[in-house]
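In what follows, a single structure is set out as structure tokens and then discussed.
The values are calculated or read from the model by the stated rules, or taken from the named source; none is laboratory data. In this text the structure is predicted, and so the values were computed from the model without any measurement. Using ideal geometry, Cβ is built from the backbone for each residue, glycine included, and neighbour counts are taken over all protein chains shown. Please note that ligands, DNA and RNA were not included when accessible areas were found on the heavy atoms of the full protein model with its side chains. Shrake-Rupley method; radii C 1.70, N 1.55, O 1.52, S 1.80 Å.
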Amino acid sequence: AHPAPAAPPPDFDAAKAVCESFWERYWLAGGALQLAGSPDPRGLELERRLVLSQYLVAVQSRSPLPPAETGLSCNSWYGKFHLEMHYWHAAHFPLWGRPEELQKSLAYYRGILPVARDIAQAQGYKGARWPKMCDPSGYNTPSSIAVLLTWQQPHPILLAELCYRRNPSEAFLREYLDVVVESAAWMADFLHWDGQRYVMGAPMIPAQERHDPRGVLNPGFEVEYFRWGLRMANVWLTRLGLPARQDFSRVAEELASPAARDGVYLAHENCPNTFTELPFYTDHPSMLLMLGMLPGDGVDRETMKNTLLRVLSGWDMESLWGWDFPLMAMTAARLGLREKAVELMLMQTPKNVYLPSGHNTQSIRDDLPLYLPGNGGLLIAAAMMAAGWDGDGGAAAPGFPDDGSFVVEAEGLGKYI
């Protein structure tokens with residue numbers, strides 16, 4: 001028997017009509033942020049980047065699979081997607097009124113949950129451990145770094161929470177409860193008791209990939225992200241009338257505090273030379289994520305302010321990546337450093353260049369003419385700065401200068417955690 005003939009492709013007029021219909025729905029359904037009326041000329045440039053970034057993520061990042069770091073344009077990292085980048089690619093969707101776009105790829109975690117359980121069990125842990133660099137199967141791709149990273153582990157909890165906040169429903173809580181609870185179960189089991197406290201230790205590589213995995217102890221961001229994730233898993237349980245997990249509560253409360261020295265936060269406890277010795281003041285200044293990406297419960301604000309200023313005065317800025325600039329802007333915003341937040345969003349460095357197309361080129365790397373985590377991070381930070389975050393005091397546009405230099409007009413944006 002001969003196979004049935006393939007359906008003819010749609011003609012030009014039909015394809016045009018489909019595209020027009022999609023783009024009308026996309027732009028009218030999502031949130032909007034207008035800055036172009038600001039006396040400060042940076043408002044117009046920032047709005048340009050935001051509009052084009054929304055276009056680019058619509059084209060590149062709406063698949064049922066998490067996107068690769070160069071989307072559909074280049075074969076970066078052998079064409080693999082990286083789950084630790086999923087937050088930077090997609091957390092903006094619910095903040096901009098498009099939670100259904102994130103829910104497409106969020107469902108990937110439900111699909112690979114059996115694989116994640118197998119990974120955890122093979123390593124002797126409870127729950128489910130999410131891979132880092134992988135393919136649709138959910139199994140880790142060979143890498144000397146990927147299998148030692150842990151900061152992707154709480155991502156599905158945070159991403160699910162952002163979607164829930166946009167459209168709260170019991171059905172959604174039940175749909176993702178296993179993903180949330182089993183993510184936390186692995187985290188609680190991975191942390192271990194040293195006789196006085198729970199600690200996060202070797203072998204592991206933190207988000208700042210500059211450390212010998214054999215000597216890492218309590219990297220500040222990962223510690224605080226795990227603590228937040230364990231507490232949030234219990235919030236999900238109690239929303240459904242289920243008992244909170246005492247092991248989650250105990251580990252979160254007795255987990256080590258982030259290490260500080262000389263009034264600043266360190267990369268991790270065994271890295272006293274974070275700001276004075278190479279290569280430690282290169283790559284991501286991930287300790288800043290504790291108060292920025294995260295709400296910073298228990299983080300000392302003055303110490304974090306000192307840390308941000310120390311990064312800005314002594315970090316190797318050319319080694320940063322596109323998402324590091326919105327990362328720093330989010331920290332500045334939470335600290336009330338509004339002008340600094342805008343400066344960081346638009347900092348002129350080789351990896352914070354936004355081309356006329358809107359692409360965030362990593363211009364000192366020939367293999368990364370575009371970098372979608374930069375676009376996604378920009379959208380996360382801008383929504384947070386315009387719509388606010390939990391505990392922001394209720395101020396209008398709390399991340400933008402309030403001296404009249406910026407006119408912020410927004411609709412349909414959601415508060416950040």
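Residues that are in a helix (DSSP H, G or I) and under 25 Å from Val353 (Cα atoms) occur in the stretch 34-43; there is at least one. Among the residues here, Leu230 does not qualify as in a helix (DSSP H, G or I), more than 22 Å from Leu289 (Cβ to Cβ), among the hydrophobic types (A, V, I, L, M, F, W, C) and open to solvent by less than 20 Å² (accessible area, probe 1.4 Å). When the stretch 389-417 is limited to residues that are surrounded by fewer than 16 Cβ atoms within 10 Å (Cβ to Cβ) and of a type in the set (Asp, Glu), the one that is farthest from the chain's Cα centre (by Cα) turns out to be Asp403. Does Ala171 fit the bill of being out of contact with any strand residue (DSSP E or B) (no Cβ under 9 Å at 6 or more places or on another chain), surrounded by fewer than 22 Cβ atoms within 10 Å (Cβ to Cβ) and not in a helix (DSSP H, G or I)? No. Pairs are defined by a Cβ separation below 8 Å, a sequence spacing of at least 6 or placement on different chains, a first member in the stretch 63-87 that is closer than 22 Å to Ile417 by Cβ, and a second member that is among the hydroxyl-bearing types (Ser, Thr, Tyr) and not in a loop (DSSP other than H, G, I, E, B); the pairs so defined are Pro66/Ser105; Pro66/Tyr108; His86/Ser105. None of Val57, Val51 is surrounded by 21 or more Cβ atoms within 10 Å (Cβ to Cβ), part of a helix (DSSP H, G or I), of a type in the set (Val, Ile, Thr) and modelled with pLDDT of 95 or more except Val57. For Ala14, the requirement of being at pLDDT below 95, exposed (fewer than 14 other Cβ atoms within 10 Å of the Cβ), more than 20 Å from the chain's Cα centre (by Cα) and more than 30 Å from Gly322 (Cα to Cα) is met. For Ser73, the test of being among the hydroxyl-bearing types (Ser, Thr, Tyr), part of a helix (DSSP H, G or I) and either in contact with a strand residue (DSSP E or B) (Cβ under 9 Å, 6 or more places away or on another chain) or more than 19 Å from Ala160 (Cα to Cα) (or both) is failed.
Only one of these is surrounded by fewer than 21 Cβ atoms within 10 Å (Cβ to Cβ), of a type outside the set (Lys, Arg) and either over 21 Å from Pro279 (Cβ atoms) or in contact with a strand residue (DSSP E or B) (Cβ under 8 Å, 6 or more places away or on another chain) (or both): Ser319, Ser363. Name it. Within the list Ser319, Ser363, the selection yields Ser363.
Looking across the stretch 81-125, the residues that are outside any helix (DSSP H, G or I) and crowded, with 17+ Cβ neighbours inside 10 Å come down to Phe81, His82, Ala91, Trp96, Gly97, Arg98, Ile112, Tyr125. Within the stretch 140-154, the residues that satisfy the criterion of being within 14 Å of Ala116 (Cα to Cα) and touching a helix residue (DSSP H, G or I) at 6+ places or on another chain (Cβ under 8 Å) are Asn140, Thr141, Thr150, Gln152, Gln153, Pro154. With respect to the stated conditions, Gly220 is small (Gly, Ala, Ser), over 22 Å from Ala90 (Cα atoms) and touching a residue at least 40 places away in the same chain (Cβ under 8 Å).
The set of residues in the stretch 366-388 being outside any helix (DSSP H, G or I), touching a residue at least 24 places away in the same chain (Cβ under 8 Å) and open to solvent by 20 Å² or more (accessible area, probe 1.4 Å) consists of Asp367, Pro369. Cβ-Cβ contacts under 7 Å between residues 6 or more apart (or on different chains), taken from a first residue in the stretch 320-338 that is among the β-branched types (Val, Ile, Thr) to a second residue that is surrounded by 24 or more Cβ atoms within 10 Å (Cβ to Cβ) and assigned to a loop (DSSP other than H, G, I, E, B), are listed as Thr331/Gly292.
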